[in-house]
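Just so it is clear, none of the values below were taken in a lab; they were calculated from the coordinates. Because the structure is a prediction, the values reported are computed rather than measured. Counting neighbours? That spans all protein chains shown, and the Cβs are built from the backbone with ideal geometry, glycine included.
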Amino acid sequence: MAYLELKNVSYVYPNGYTAVEDVSMAFKEGEAVAIIGQNGAGKTTTVKLMNGLLRPSKGEILLEGESTENKTTASIARKVGYVFQNPDDQIFQESIYKEIAYGLVKQKMSHEEVKRRALEAARLCGLEEDLEEHPYNLPYSKRKFITIAAIVAMDPKVVILDEPTAGQDRASIQLLGDIVHKLAEKNKIVITITHDMEFVVKYFKRVIVMAEKKVRRDGGPREIFWDEELLRFSSLKQPYLCQLANLLGYRDILTIDELLEVDL
Amino acid sequence: MAVISLKNVSYRYPLEENQVIKNVSFEIEKGQVWGLIGANESGKTSICNIIRGFIPEIYRGELEGEVEIKGKKIESYGDGELASVVGYSFQNPFTQISGVKETVYEELAYGMENIGVPRDEMIDRVEKLIQIFHLEKLKDKNPFQLSGGQKQRVALASMIALDPEIVILDEPTSQLDPQSTEEIFEIIQLLKEQGKTIILVEHKIDLIAEYCDHILLISGGEIGMIGETEEVLTDPKVLTYGGQLPQVVLYFLERRKKTGEKGKIPLTVEQAYKILKKGGRN
């Protein structure tokens, strides 16, 4: 059974703007899923619906098989953690440790439990050396990891990352990939919005393509990045290596090794 | 003549022990497009801040060495004077939006109002920017209601509105989808054709390889590598300095290991295709 499911969900903002239309998707434990699509395709609205920040105008959302309609946002967010696109929307404490521990302290956990969980989350996100720093002493790219750690520390079943790859260097992208895999290994569901197609190819087996407010495809990276009509319709591009393979007349290639194998 | 010149420049932020920029020297000629690359926290943004005069004017701290813009010492520029020569688009678009204007249209005109551009010219320039940056559908919206990517386009457009000779773009596409990213790079190409000197901080290395003619790779506050794009970005040493290589280059480096083929390594998909369709050797 799916842990989290959106069934024919639409959302209309109070100003009358429809941001998502008739969206359905389901997630099982242990899955890492990427959501891709143009700016304005409805990706962020969709994930905000998942964690109760927004409520469907139509359709329903099931968490552990139960409708979330009458559940509080706080109770949904305990199971579905959302890491904001802009870390500065989320950070407000004066040290990284306090920022990560904040939600745990609020839940009145024992001091030892708070410390254990906060340190584990900090280690996962590569922040163990910076715990006493003020969050704003770190650059934007690293502040993103603070917000990830703060959500992970709360131990929600679903972790949603909204454009974590924006502005990240090579080492940080690798760290993000590791975080995604380690969480999935712990049977979490990791849902990641990203514009980095190389990142998608490298770390995700399931990809959801959104365009013009709707889900256009839910499948593996190979079928998606080699469906030129889908890419055109969704204003997406093939990863560079696929573009090269395509020009050379090969199909269904995703990695350097695969291209070497056919082209040598 | 160099439009930007740094000689033995070092910089330390206030209250910090270590210098974030260490004895950096380089010159940029008019009309060149430089990709400024390197790991996060390597000092890329600090270099931009030095060229824009935010260091030491706003951030204070200890700046050593000489910085010249268009042959004139940077400290001899007045505040407004430097702003109209060096345009700067911030890394985080959320910081660039003025917050005092209610529509994108007014936001675009805001900088021009401040430096006293005549009304007719202002309207003319705003209309052009709306067209170039594809902002037709957004022009009547409140800048704060825009998505991250839309904000980024508006922030960049409002900087270009001031028509600066030198343009510094600090990760102008970090929040953008692939198509909008390519549109920004097309705008960079347009600015290049207008003869602007451009410094582009960016992690999207495949696009840097396509659009920049020179690369400055910063590593730990020092110059790691510097030179023409086709020399720097085909060299695996880039990786040891915390930089990235284009996908096509990575493919060719792997390929060469297996085949022993020699010759120029291509930077872009197009160049790679031309070489490979001839059978791999050039």
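Once the Cα atoms of helix B:247-259 and of chain B are each reduced to a long axis, what angle between those two axes, in degrees from 0 to 90 to the nearest 10, is obtained?
For B:247-259 against chain B, the angle is about 10 degrees.
Please give the residues of region A:12-44, grouped as numeric ranges, whose backbone N is less than 16 Å from a label point set 7 Å along the Cα-to-Cβ vector of A:Arg232.
Zone members listed by number: none at all.
Using 0.36 nm per residue, how much length does the chain from B:Lys262 to B:Lys278 gain when fully extended, once their Cα-Cα distance is taken away? Write down the numbers at each step before the final one.
Values: separation 16, 0.36 × 16 = 5.76 nm, distance 1.38 nm.
Roughly 4.4 nm would be gained on extension.
Per DSSP H run of n ≥ 4, the term is -39500 (n - 2.57); total these for the protein assembly as shown, divide by its residue number, and report the mean residue ellipticity at 222 nm rounded to 500 deg cm²/dmol.
It comes out at -11500 deg cm²/dmol, rounded to the nearest 500.
Taking Cα pairs under 8 Å and at least six residues apart, what relative contact order does region A:1-148 come out at, in percent? Walk me through the numbers before you get to the answer.
Values: 191 pairs, mean separation 29.9, N = 148.
Once normalised by length, the contact order is 20 percent.
Hey, what did region B:206-271 get for relative contact order, percent, Cα under 8 Å, at least 6 apart?
31
Can you check how the C-alpha radius of gyration of region A:37-97 compares to 2.2 N^0.38 Å, as a plain ratio? Please list the in-between numbers first.
Details: Rg = 13.7 Å, N = 61, 2.2 N^0.38 = 10.5 Å.
In units of the 2.2 N^0.38 Å rule of thumb, it is 1.30.
Taking 7 Å along the Cα-to-C-beta vector as the label spot, tell me the B:Ile132-A:Glu66 distance in nanometres, rounded to one decimal.
Roughly 5.7 nm, to one decimal.
Report, by chain and number, residues whose modeled amide H sits under 5 Å from the one on B:Val20, excluding near sequence neighbours (fewer than 5 apart, same chain).
Counting only residues 5 or more places away or on other chains, the set is B:Tyr11, B:Arg12, B:Tyr13.
Relative contact order of chain A: what whole-number percent is it, with Cα pairs under 8 angstrom and at least 6 residues apart?
So the answer I get is 23 percent.
Relative to the longest principal Cα axis of chain A, at what angle does helix A:140-153 sit, 0 to 90 degrees, rounded to 10?
Roughly 70 degrees between the two axes.
Using the basic label-point model (7 angstrom from Cα toward the beta carbon), what is the A:Thr73 to B:Ser10 distance in nanometres?
Here the modelled spin labels are 5.1 nm apart.
Would you list which aspartates and glutamates come within 16 Å of A:Lys186, measuring only between C-alpha atoms, while excluding same-chain residues fewer than 8 positions from it?
A:Glu29, A:Glu31, A:Glu120, A:Asp155, A:Asp178
Rg and Dmax of region A:137-253, Cα atoms, in Å?
Rg, Dmax (Cα atoms, Å): 15.6, 50.
Based on the alpha carbons, how large is the Rg to Rh ratio for the protein assembly as shown when Rh follows Kirkwood?
0.96
Give me log10 I(q)/I(0) at q = 0.07, 0.11 Å⁻¹ for region B:2-229, Debye formula, one equal scatterer per alpha-carbon, no solvent.
For region B:2-229, the Cα-only Debye profile gives -0.21, -0.54.
Go through A:Lys237/B:Lys257; A:Lys43/A:Lys188; A:Lys144/A:Lys182; A:Lys71/A:Lys205 and tell me which ones have a Cα-Cα distance over 23 Å in this structure.
Pairs exceeding 23 Å: A:Lys237/B:Lys257; A:Lys71/A:Lys205.
With labels modelled as points extended 7 Å from the Cα through the Cβ direction, what inter-label distance (nm, one decimal) is found for B:Asp124 paired with A:Lys186?
6.1
Between their Cα atoms, which of A:Lys98/B:Lys204; A:Lys115/A:Lys202; A:Lys213/B:Lys137; A:Lys142/A:Lys213; A:Lys48/B:Lys151; B:Lys22/B:Lys70 are more than 25 Å away from each other?
Violating the 25 Å limit, Cα to Cα: A:Lys98/B:Lys204; A:Lys115/A:Lys202; A:Lys142/A:Lys213.
To the nearest 0.05, how large is the calculated FRET efficiency for B:Val100 and A:Lys7 if R₀ is 45 Å and r is the Cβ-Cβ distance?
Efficiency for this residue pair is about 0.55.
Of all GluC sites (Glu not before Pro) in region B:78-140, which ones are in loop regions per DSSP and have a Cβ with at most 12 other Cβ atoms within 10 Å?
For GluC sites (Glu not before Pro) across region B:78-140 that sit outside H, G, I, E and B with at most 12 neighbouring Cβ atoms in 10 Å, the list reads B:Glu102, B:Glu136.
Suppose R0 equals 56 Å. What FRET efficiency, 1/(1 + (r/R0)^6) with r the Cβ-Cβ distance, do A:Val262 and B:Glu17 give to the nearest 0.05?
0.55
Using a 7 Å offset from Cα along Cα-Cβ at A:Ser95, what residues in region A:122-156 end up with backbone N under 12 Å from the label point?
A:130-135
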